[in-house]
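Okay, so here's the structure we're looking at.
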Amino acid sequence: MSSVLDWEATPNPVKENRAGNIGKAVDRYEGPLKVTGTAPYAYEVEPPSPPAYGVMVSAEIAAGRITAIDTTAAEASPGVRLVWTHLNVPPQGPRPERYDFFTPSPRPALQSDRIYFFGQQVAIVIADTLENANAAAAKVAVTYEADAPMAIFHDHLDEGVQPPGEQDTEIGDFAAGFAAAPVTIDDVWRTPLQNHCQMEPCATTAWWDGDHLTVNTSVQMVRFAQNSLAETLMIPAKQVRLLTKYIGGGFGGKGSFYEDLVLAALASRELAQPVKIAFTRQQMMHGTVHRPATVQHVRLGATPEGRLTAMSIMTVTHCDSRGNFTEHASNFARSLYAAPNRLTGHRLVRMDLPVASAMRAPGEASGTLSLEVAMDELAEKLGIDPMELRILNEPDVDPETGKPFSIRQLVRCMREGAQMFGWGRRNLVPGQVRDGRWQIGVGMAAAIRGNMLLPAKCSFSVDAHGVITVRQGMTDIGTGTYTVLAQIAAETLGVPLGDVRVEIGDSELPPAPGSGGQFGAATAGSAALDAGMNLRKAITEIAVADSASPLFGGPSQDITFQDGVIAIANRSERLADLIRRNRPDGLTADGEIRPAADARNWSQHTYGAHFVEVGVDTVTGEVRTRRMLGVFAAGRILNWKTARSQLTGGMIWGVGSALTEGNSVDPRYGSLINQDLAGYLVPVQADIGEIDAIMLDEVDDKANPMGIKGVGELGISGAGAAVANAIYNACGVRVRDYPITPDKLLAAIMAR
Amino acid sequence: MKTTITVNGEARALDLDPRTTLLDALRETLRLTGTKKGCDHGQCGACTVLVNGTRINSCLSLAVMHDGDAVTTIEGVGQVGALAPIQQAFLTEDAFQCGYCTPGQICSALGMLAEVAANQPSQETTDLTGPIRLTDDELRERMSGNICRCSAYPQIVAAIRAVSGLPA
Ligand code: FES
Ligand code: FES
């Protein structure tokens, strides 16, 4: 196993960046296809023969069982080819008691008469056209015996249990430290259930060729879905080819897969015809996954000078009745501020609700909404600038593990952000600044999000034209994977960007874990770098051994790759010429990355600071973000343009979390009240004012051989808290129950 | 039902199920899949196309209602290798990430610019006496029917601004 120290010590083309491809604001590789509408997403892929269309029927109770299901009318409906319920769906692999993200396992569809949550799929109708399938689906008559669902999380807060395999972490003596602290904060914050609302609903187009299945679907993890599907169908994984070339947003919600994939595969086998199935927008809300609600109890104790002496976040959250997923809203606090006495942990309530899972920055996105506001409240109590309070409590080493930080530029993010934003000019007293009907306020918050590296493989080929092809079973969910892989390839092999092809999103390509947890670029990219280095080595060996090459005889270690030319000293030839002579069919090399054996000896995170200016209309309770600035430190940046888009995108998610986004459970049915995009309010164009994201120069040599880290989830972490703090500065009112909608804000303003 | 729709300049004679939306006719019947389905309920704008030059949500309209109409979809705006200026601007400004809302954003932007050129006011328009100034607020208001969950909103404003030829 490699060591972080080797990564640090070993130069490579990405670090050297001679051609300047790394970091550059390169346009998206697949961009021309996307702006012309010619990138085929899962439902749009052309199958080998005309497809049949599937429409799913979803449960209308949250708990109980199906007592009768009458499909005669649906079966007799025009164009219907097949109707399946739990009574006649083909056999599938058994569902394990509990499942997780990374271990493939069967996910059988339509398994029994039991209903575990509202919106669970209970039937599928396949017909010759979408219209006929829709009409027939409406004729499936389901009779239920409904149990009273355990659906209202806030009624069951004291029933939370320790998540499996976890413990609270306590350092020092929190209770004593908190009791002795002269200045304290002790409050409870609530964050709501949130839906991913990717613009592309989950969808699959499937067909069989003999006993080989091809599925085009929309998932973040290629191999995981391929293997799980094979186990569900009880066939060898090599008989399943899973393609996911273009994905209309994931955000964690496509980390797993759903009934569209399984049922399209089964139905296309049954009918010997391609089948496509898409979720409706309404089905997306219940039938996929969501970020669960949390209740976070934050306690801070400090000296009058502003030193934290005690710090605790205890989170209660929920998952589905058969689940394990825990929204780890307390975890990030373990690495953020120094305090000798600390206590963090989680309690999990299993409910008759749809399946909870990861959504963009699981943990941090929810947790920063409490602690980063609590810090603002503490600063006010102490009469200290909230940024200075954070700087005062900046730890030298990870405050919980005592490990050194790989690199930590949080203070620099805050200081530089403060200067650019004009933080020093703000009015300390809330409610003092007015602009017409708006009361103006500014707020700030820190951002932190962990960094990960997972095992991955990749292959690089060069053909007789000198064109490099990167192949990897990786995904691009809008993150920029295609583009950064092309940049790494161009830089590593010294070819123009236009001479790189990228093939991803295919289970037949070398496996990579996929997109999630902001580990994508580092993981996929590090494997790509290794493949590129191995291809360089293979090319070098051929060149120095080829008497027809000017590079014949070496010395190998002096070889350079630049502008499509390989050279040793002043002897050179075009890469394409060497390959054409020696390997007319091309040459391929494989690469691989694994976490370093000693990677865990460092505390590794990405950091940032958010600054926000809002306007609050104290008559209507309306809040507008006028200006947002984020300054981030996230290792070496591979592509300035795509990274910045990821960061500002995350910041806008933070605005949504603070102001508009949240779902509620209907106590009568255990359903989510907002069932579509009319009720569930994601930010729209008019909600977002001026916004900028700055990326500090940074290299984290302990993260991976390229010194890069992720940015996809950092932008949202802390952004909503900065908005909440700005609202307080504008109007002097705190709402600790997110989102801060006009009704809550007005009530708080009136109560004051 | 027999229906003839001119799509991207080409007359297409169709025999349609009267329940088929314009969106599904484009995507499934004509296999012009550039127009996207995000909600099928007129809530997201992913399905925006131009009908006789006016932007509409094609999911909210039955195809048979468009007999004789001229429809422009993203495929008619420009092609790979011959991008329309607005498509190039979206690429340059990185005005998308996953790309799923993008065809709708681009068609919507074209329709929106025509509305401004025709001096049609919006909620943000403060002066109804002169030509409309496409301020950022005006632009954002007019593009708020197109959701981008990837939240490329600032870049979308920049891209539209780059081709609008209109002062802020
Ligand atoms: S698909 Fe038509 S508005 Fe969403
Ligand atoms: S680019 Fe993904 S929704 Fe707009």
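The values are calculated or read from the model by the stated rules, or taken from the named source; none is laboratory data. Since the structure is predicted, the reported quantities are computational estimates derived from the model, not experimental observations. Don't worry about glycine lacking a Cβ; one is built from the backbone with ideal geometry, like all the others, and counts go over all protein chains shown. Surface areas here come from the heavy atoms of the whole protein model, side chains and all, with no ligands, DNA or RNA. Shrake-Rupley method; radii C 1.70, N 1.55, O 1.52, S 1.80 Å.
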Under the definition of partner shielding as Cβ atoms of other protein chains within 10 Å of a residue Cβ, what is the mean value for peptide B:85-98? 6
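Compute the relative contact order of the range B:2-75 as a whole-number percentage, counting only Cα pairs closer than 8 Å that sit 6 or more residues apart in sequence.
Relative CO of the range B:2-75 lands at 41 percent.
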Cα centroid separation, the range A:136-197 to the range B:1-77 (Å): 45
Of the DSSP H helices in chain A, those whose Cα atoms cover at least 15 Å axially and whose Kyte score averages -1.0 or more: A:222-233, A:259-271, A:364-382, A:410-421, A:481-493, A:520-545, A:640-659, A:719-731
When chain B is modelled as a GNM with alpha-carbon springs shorter than 10 Å, which of B:Ala109, B:Ala46, B:Ala118 fluctuates the most? B:Ala118
Compute the acute angle (0 to 90°) between the alpha-carbon long axis of helix B:102-117 and the principal axis of greatest extent of the alpha-carbon atoms of chain B; round to the nearest 10°. 60
Highest mean first, what order results for A:649-659, A:689-699, A:55-65 on Cβ atoms within 10 Å? A:649-659, A:55-65, A:689-699
Tell me the total accessible area that B and A bury against each other, 1.4 angstrom probe, in square angstrom rounded to 100. 4400
With only Lys, Arg, Asp and Glu charged, each at its Cβ (+1 for the first two, -1 for the last two), find how big the charge dipole of the protein assembly as shown is about the Cα centre; round to the nearest 20 debye. 600
Shape of the range A:634-691 from its Cα gyration tensor (a ≥ b ≥ c, root eigenvalues): rounded if a/c is under 1.5, otherwise prolate when a/b > b/c, or oblate? prolate
Karplus couplings for the range A:15-25 from phi (6.51 cos²θ - 1.76 cosθ + 1.60, θ = phi - 60°), rounded to Hz, Gly and Pro as x? 5, 6, 6, 5, 7, x, 6, 7, x, 5, 7
Dipole-positive endmost among A:Gln472, A:Pro163, A:Ser572 within chain A (Cβ charges, Cα centre): A:Ser572
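Using 23 Å as the Cα-Cα cut-off, could you pick out the over-long pairs in A:Lys245/A:Lys276; A:Lys34/A:Lys245; A:Lys238/A:Lys709; A:Lys254/B:Lys37?
A:Lys238/A:Lys709
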Mind putting together the pair-distance distribution for the range B:2-75? All Cα pairs, 5 Å bins, whole percent per bin, short to long. 3, 19, 32, 29, 13, 3
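Can you give me the orientation-averaged projected area of the convex hull built on the Cα atoms of the range A:664-740, in nm²?
9.3
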Honestly the range B:85-164 on the Cα gyration tensor test (a ≥ b ≥ c root eigenvalues; a/c under 1.5 rounded, otherwise a/b vs b/c for prolate or oblate) is just prolate
Nearest 5 is fine: what % of DSSP beta bridges in chain B come out antiparallel, could you say? 90
Chain A - accessible surface per residue (Å², probe 1.4 Å): 34
Averaged across B:29-38, how many Cβ atoms of other chains sit within 10 Å of each residue's Cβ atom? 5
Could you work out [θ]222 nm for the protein assembly as shown from helices alone, using -39500 (n - 2.57) per DSSP H run of at least four and dividing by all its residues? Round to the nearest 500 deg cm²/dmol. -8000 deg cm²/dmol
Rounded, prolate or oblate for chain B? Axes are the square roots of the Cα gyration tensor eigenvalues, ordered a ≥ b ≥ c, and the cut-off for rounded is a/c under 1.5. prolate
Which is farthest toward the positive dipole end of chain A among A:Ala418, A:Ala310, A:Pro667, measuring Cα position about the Cα centre, with Cβ charges +1 (Lys, Arg) and -1 (Asp, Glu)? A:Ala418
Shielded by partner chains, the range A:603-652 residues - at least 40 Å² of accessible area, 1.4 Å probe, vs chain alone: A:Lys641, A:Ser645, A:Ile652
Compute the relative contact order of the range B:85-164 as a whole-number percentage, counting only Cα pairs closer than 8 Å that sit 6 or more residues apart in sequence. 53
Could you give the size of the charge dipole of the range A:595-752 about its Cα centre, using +1 on the Cβ of each K and R and -1 on the Cβ of each D and E, expressed in debye and rounded to the nearest 20? 200
Which order do the peptides A:260-268, A:716-724 come out in when sorted by mean C-beta neighbours inside 10 angstrom, highest first? A:716-724, A:260-268
Rounded to whole angstroms and listed largest first, the alpha-carbon spread of the range A:304-448 along its three principal axes comes to 52, 45, 27
Rounded to the nearest 5, the percent of DSSP beta bridges in chain A running antiparallel is 75
If contacts are Cα pairs under 8 angstrom and at least 6 residues apart, what is the relative contact order of chain A in percent? 17
Over the C-alpha atoms of the protein assembly as shown, what are the Rg and the largest Cα-to-Cα span, Dmax, in Å? 27.8, 88
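Per-residue Cβ counts within 10 Å, from other chains only, averaged over A:195-201: what number is that?
Averaged over the peptide's residues, the number is 6.
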Nearest-20 debye value, the range A:17-151 charge dipole, Cβ charges on Lys, Arg, Asp, Glu: 580
Can you tell which of B:Gly130, B:Ala84, B:Cys39 lies farthest toward the positive end of the dipole of chain B, using +1 and -1 charges on the Cβ of basic and acidic side chains (Lys, Arg; Asp, Glu)? B:Cys39
For the range A:343-400 and the range B:93-168, what is the centre-to-centre distance using only Cα atoms, to the nearest Å? 37
